[in-house]
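Bear in mind these aren't lab numbers, they're just calculated from the coordinates by the rules spelled out. Please read all numbers here as calculations on a predicted model, not as lab measurements. Here Cβ is always computed from backbone atoms with ideal geometry, including for glycine, and neighbour counts include all displayed protein chains.
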Amino acid sequence: MMKVREAILGIKPYVPGKPIEEVKRELGLSDVIKLASNENPLGPSPRGVEAAGKALESLNLYPDGACFELKEALSAHLGVSSDELIVGNGSDEVIKLLAETFLHPEDEVIIGQYTFSEYEFATRLMGGKLVVIDALDWHENLAAMAEAITDKTRLIFVGNPNNPLGTIAKKEAVDSLLAKLPQDAILVLDEAYYEYATDPDYPQSVDYVKAGKNVVVLRTFSKAYGLAGLRVGYGIAKKEIIDLISRAREPFNVNSLAQTAAVAALGDEEHLGASQRVNEEGKSYLYAQFDRLGLSYIPTEANFIMVQVGRSSREVFQALLQKGVIIRTGNIFGLDNFIRVSIGLPEENQRFIAALEEVLA
């Protein structure tokens, strides 16, 4: 029997949303829509696609390991130094780098009850101890997180907006948590859905970095910019933190197409604005339809909605699958009578509602 680190045995493999082609093969369907993985229904930034196409001729060359041009673009966009940025193969990689850099076995990581599974994965990979804080009215309970801090706490992860709930931690709550953060702990604000948040009390977290706080802000090009297939995200933090986590980074972790497309997409304000409008319009439509059907849902600041269907989410998932509609089951998040649906194009939202109404009849 091979010897393996005990921490590995406690890790559950990530189960992604079903791909469209897989559903077509399994069920013999020709028309399938996917509202499961919070992807941008408008597709990728056209500028990003054009730039990536031009970069194809240089695929024989290694990518820029320093991501110089992308960091320069992000630096100008965010008003931070390029030394306060790290680019990853998706923001998932930066989460893993944080764990690899700062966690010893038995160090504590505080997370919310319903949150992104990558936080647990990275913690368990390094043999850390998870401290899970119950949600409060479908929100991350930052006050309880602050109370849970001990001398072993190294990382606190707050999804903001939070996946899968779609709720946010407001500025006052984040400020209060930061006031109790010890010098040897880091608050990680995962803002993968930052571009979709509209609440006026949503914190402008880059200001914490500029103030020298022990904060890492995570963002991505996978969602609003539509570059999920290229895997490029980034972290923003003070130089001391970036210097440390950069030591654990692979030399060529972000491919050249991803870097080139991300630079172009960052300047594609037309695509970003259209993505935000489609999301707001789709959100309003789905809210109205859920109200009509008498279904409870969690108001969202992201591009997905958790809706209570009153029965096993697996049963609803399978029934919708038969109709060519892929959503996400709530049971994987510990919410068995909820489903999570990504906000799609108008015709996709309408098809989902029609299928859901038939399934729940």
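Just a few scattered comments:
- Entry note: segment 134-280 has Rg to Rh equal to 0.98, where both radii use alpha-carbon atoms and Rh is the Kirkwood radius.
- With the helix formula -39500 (n - 2.57) applied to DSSP H stretches of n ≥ 4, the chain reaches a computed 222 nm mean residue ellipticity of -11500 deg cm²/dmol.
- Low-density loop cleavage sites - trypsin sites (Lys or Arg not before Pro) in segment 104-165, where at most 16 other Cβ are within 10 Å (DSSP): K152
- Percent of beta bridges antiparallel (DSSP, segment 98-170, rounded to nearest 5): 10 percent
- Residues of type lysines that K180 reaches as a straight line, Cα spacing below 21 Å, ignoring anything fewer than 8 places off in the same chain: K129, K152, K170, K171, K210, K213, K238
- Eligible lysines near K34 by straight Cα distance, threshold 27 Å, same-chain separation 8 or greater: K12, K18, K24, K223, K283, K323
- Antiparallel DSSP beta bridges within the chain, as percent of all bridges there, nearest 5: 50 percent
- Euclidean distance of C-alpha centroids, segment 180-244 and segment 281-307, integer Å: 27 Å
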